[in-house]
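Read the structure below first, then the notes.
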Amino acid sequence: MYYRICLKKKIKVKKYSLLKQEGRITTLFRDCPAIVFSENKYDQLSNFRIYDGCYFIPSSKAFNTKNEIIDISGSGVYKSKFITKGSDVYDITSDLSSELIGKNIRGSLTIYVINKVENKASIITDPLSGGIVFYFQSEAVTVFSNSIYSIKSILNALDIPLKKSMDYLNELVGTGNGGFFDSSYEEIKALKPFQYVEAWNHSFTIKDYLWKQQFFTPVTNYNEEIEIAVEEIKNNITAVSNYENGAHKIAHLTGGFDSRLVLSSILNINSSDNYHFFCSDQFELTDRLIAERLSTEFNLTMTEYPGYNTLKTPSTLEEEYLLPMEFSGGILSAGIHGNYKKTTDIILSGGYGECFRSFFGSRLAEHNTNILSLLPKLWGNVFFNENDDDSLFSANFKNKLSKKIRHIFDEAKDNGIRQDAYLDYLYTRIRNRYYIGFQSHSWSEFASRFDPLYSLSAIRCALTLPQELRSANIVGIDIMSQLYKDLIELPFDREIFNENYIRYREKPNVREFSSIDKPKFGLSELIYGKELNRNIVATPEQKEKANRLKAHLWQVVEIKRVQQKTLELISSMPSSQVASLFNRKILYRLLKNDLNNRVHIRTVFHIYSILLWYFNKEKVDDNYLKDKNIWTIGNI
């Protein structure tokens with residue numbers, strides 16, 4: 001229980017409590033700023049009028065000064081300070097230039113600046129757009145926000161309807177994220193990386209940062225750029241380490257590379273005592289074993305506390321699959337369900353490390369001119385088989401997606417990206433934003449989540465190198481070697497020094513951990529909420545099948561029921577719509593047959609998730625803007 005001050009009188013509310021409506025469940029709206037531009041005067045928005053043509057709905061993090069309102073969405077680093085609320089920005093800058101602010105943001109962070117004296121407004125995004133800014137635009141009104149739900153609620157108050165996008169939802173099923181299609185609603189678009197918004201009165205302009213092309217200029221001195229990347233990452237960690245308003249600082253630690261790269265920066269600045277280290281895996285798994293060995297080796301304190309506590313877990317299969325879609329506004333089908341206690345804790349993860357290497361490898365080389373033949377190489381034959389008769393998705397949808405990918409490749413070419421890096425540019429441009437960046441931004445409503453590996457220089461280096469060097473993770477390993485070389489010499493969860501690496505660098509002498517003692521643990525007193533713990537009742541046959549397929553036991557147990565529920569949802573769709581999206585033959589094969597492939601089983605659950613959200617009658621609060629006033633935010 002705590003105070004939400006942005007959208008109503010100061011009342012005590014339990015945020016993100018579950019609501020019931022017609023048998024469906026949903027979550028309350030998200031705590032994100034929204035800004036509305038219009039020549040029209042809306043009585044529904046009168047409490048939020050800043051000046052003629054501009055209405056601002058603040059978050060609980062907004063800061064009101066004599067001349068400006070400063071608000072944020074997400075969390076991250078600006079210059080050398082960690083930012084979790086609007087006053088953090090005000091404290092460290094007297095020059096509220098959008099160009100300057102944008103150039104110095106790292107992390108999934110958006111800064112809103114409203115100048116009440118000059119009738120100006122700015123929405124300033126992080127360069128790579130990890131904190132995605134969505135917007136609705138019509139002749140009458142434009143609404144910007146990081147929250148799909150906030151945009152939808154405002155439009156609902158103005159009697160403007162929206163239509164859910166099945167193209168976006170199909171993209172979620174086929175690729176695991178969105179981004180080729182901007183959002184889960186057909187009318188809502190998203191800013192691209194290196195874009196921001198400036199407005200005067202009711203007029204606004206979406207601009208590219210003037211320094212954008214510096215990022216795409218090929219690196220000419222690799223060693224110098226790596227040194228800049230090292231300093232960038234050290235600055236990120238130093239900002240978090242020095243932040244005094246965070247109750248606890250939790251760093252993810254696994255057996256993999258990226259979390260260890262974060263650890264290398266922490267050890268470099270001698271700041272490990274400021275952190276507890278968290279590994280989610282069970283004790284007997286490799287990730288957990290290596291995380292514990294690292295903690296013992298460097299006298300780190302581990303924790304079972306992940307940086308947040310669950311207030312209420314989904315109690316049904318339907319809730320488990322619907323709530324993440326509801327919370328994200330249909331943007332992401334996995335992860336955050338929205339029922340967590342809000343804390344001032346900070347969580348560090350290893351996101352953006354994948355951008356230093358090659359996520360898709362060399363799969364582009366032989367398919368550059370034929371995107372349709374590339375699709376199954378990237379995301380599998382189940383979804384994108386070149387033979388339309390054997391593909392889950394219709395030829396219509398595959399053609400739409402192919403055009404989107406071709407557009408990204410053309411964009412890469414225009415920006416001077418080398419051809420063998422087009423797919424890695426695509427990863428940074430699409431998946432890294434809509435999966436990594438979006439998750440960090442979303443978690444920051446409960447505990448500030450930040451990716452210290454957010455480094456423009458490191459990604460510049462990677463995109464400049466030949467593909468074989470990117471695949472060898474040369475950039476990441478070079479950075480770790482400079483930050484804390486001892487970490488390179490200890491075992492990982494897999495062999496990281498491949499043939500390409502050995503061709504260009506000397507392979508380090510890997511040694512064993514010096515101790516097998518258990519590390520120390522802390523913060524156990526903070527743990528009181530647990531994520532979903534399924535009580536699975538399985539037959540011997542189901543257990544054998546799960547082991548044989550290497551599938552989740554609970555999915556094997558539930559698959560028949562989910563198939564039936566998905567068939568019921570499909571039956572609600574017009575036949576023409578089903579045909580435009582899916583190949584009926586493959587769709588019904590997945591939904592009616594006994595499945596003996598874990599990918600097929602998982603696909604059925606994905607389809608179930610998106611259709612639950614698509615047909616769910618979302619609850620939008622009709623009183624969303626009533627009796628609320630922007631001037632309830634703190635001021636000086």
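Read the figures in this text as sums done on the coordinates, not as results from a lab. Values in this document were obtained by computation on a predicted structure and should not be read as measured data. Glycine gets a Cβ as well: all are built from the backbone with ideal geometry, and neighbour counts include every protein chain shown.
With both labels modelled 7 Å from their Cα along Cα-to-Cβ, the Asp208 to Asp91 distance reads 3.6 nm.
Ordering Thr296, Ile237, Leu261 by the projection of their Cα atoms onto the charge dipole of segment 196-355, which places +1 on the Cβ of Lys and Arg and -1 on the Cβ of Asp and Glu, puts Ile237 at the extreme positive end. Could you pull out which residues in segment 343-363 have an amide N less than 14 Å from a spot 7 Å beyond the Cα of Arg503, following the Cα-Cβ vector? Correct set: 362. Extension gain, Thr220-Lys163: 0.36 nm per intervening residue step, less the Cα-Cα distance, totals 15.8 nm.
Near Phe582, the amide H atoms lying under 5 Å from its own belong to Ser394; only residues 5 or more places off or on other chains count, and H is placed 1.01 Å from N. Basic side chains Lys and Arg get +1 at the Cβ, acidic Asp and Glu get -1 at the Cβ, and with that the dipole of the chain about its Cα centre reaches some 1420 debye. Toward the positive end of the charge dipole of segment 380-420, with +1 on the Cβ of Lys and Arg and -1 on the Cβ of Asp and Glu, the farthest Cα among Ser394, Phe384, Ile405 is that of Ile405. Relative protection proxy for 205-218, 102-115, 322-335, from highest mean packing down: 102-115, 322-335, 205-218 (other beta-carbon atoms within 10 angstrom).
Note on segment 161-298: lysine pairs with Cα distance below 22 Å, sequence gap of 8 or more or different chains, count 9. Here the scattering of segment 257-403 is modelled by Debye summation over its C-alpha atoms, one equal scatterer each and no solvent; at q = 0.12, 0.15, 0.16 Å⁻¹ the log10 of I(q)/I(0) is -0.84, -1.05, -1.08. Just check segment 316-421 against the gyration tensor rule for me: Cα atoms, a ≥ b ≥ c as the square roots of the eigenvalues, rounded for a/c under 1.5, and otherwise prolate or oblate depending on whether a/b exceeds b/c. In terms of gyration-tensor shape, oblate. Using the Cβ-Cβ distance between Glu231 and Glu186 with R0 set to 51 Å, the FRET efficiency from 1/(1 + (r/R0)^6) comes to roughly 0.75.
Converting phi to 3J(HN,Hα) with the Karplus coefficients 6.51, -1.76 and 1.60 and the offset θ = phi - 60°, segment 565-571 yields 5, 5, 4, 5, 5, 4, 5 Hz in sequence order, with x at every glycine or proline.
Computed from the C-beta positions of Asn270 and Val599 and an R0 of 41 Å, the FRET efficiency is 0.35 to the nearest 0.05. Once both labels are positioned 7 Å from their Cα atoms along Cα-to-Cβ, the gap between Glu495 and Ala579 label points is 5.3 nm. Peptides 481-493, 297-309 ranked from most to least packed give 297-309, 481-493, packing being the mean of other C-beta atoms within 10 angstrom over each peptide's residues. Can you bin segment 382-500 into rounded, prolate or oblate? Criterion: square roots of the alpha carbon gyration tensor eigenvalues sorted a ≥ b ≥ c, rounded for a/c under 1.5, prolate for a/b above b/c, oblate for the rest. It is prolate, given that a/c is not under 1.5 and a/b is the larger ratio. Projecting the Cα atoms of Cys54, Gly74, Gly246 onto the charge dipole of the chain, computed from C-beta unit charges around the Cα centre, puts Cys54 farthest toward the positive end. Computed from the C-beta positions of Glu411 and Asp486 and an R0 of 56 Å, the FRET efficiency is 0.85 to the nearest 0.05. What you get for segment 429-478, charging only the Cβ of Lys and Arg (+1) and of Asp and Glu (-1), is a dipole of about 180 debye around the Cα centre.
Rounded to the nearest 20, the size of the Cβ-charge dipole of segment 282-410 about its Cα centre is 500 debye, with Lys and Arg at +1 and Asp and Glu at -1.
Spin-label model, Gln419 to Phe359: label points 7 Å out along the Cα-to-beta-carbon direction sit 2.3 nm apart. Close amide H contacts of Glu68 (hydrogens built in the peptide plane, cut-off under 5 Å, sequence separation of 5 or more or a different chain): Lys116. Note the listed values (1) 8; (2) 44; (3) 21, then indicate which one is percent of Cα pairs over 50 Å apart calculated from this particular structure. After the calculation, the listed value that fits is (1).
Across segment 308-324, coupling constants 3J(HN,Hα) worked out from phi with the 6.51/-1.76/1.60 Karplus curve, θ = phi - 60°, read 8, 10, 7, 7, 7, 8, x, 9, 9, 4, 4, 4, 4, 8, 8, 4, x Hz, and Gly and Pro carry x.
Here is how the number arises for the chain: DSSP H runs of 4 or more residues each give -39500 (n - 2.57), the sum is divided by the residue count, and the result at 222 nm is -10500 deg cm²/dmol. Looking at the chain alone, DSSP beta bridges between its own residues are antiparallel in about 80 percent of cases.
For Lys403, the shell of other residues with beta-carbons less than 15 Å away shows a net charge of -1, using +1 for Lys and Arg and -1 for Asp and Glu. Taking a ≥ b ≥ c as the square roots of the eigenvalues of the Cα gyration tensor of segment 160-268, is the shape rounded (a/c under 1.5), prolate (a/b larger than b/c) or oblate? It is prolate, given that a/c is not under 1.5 and a/b is the larger ratio.
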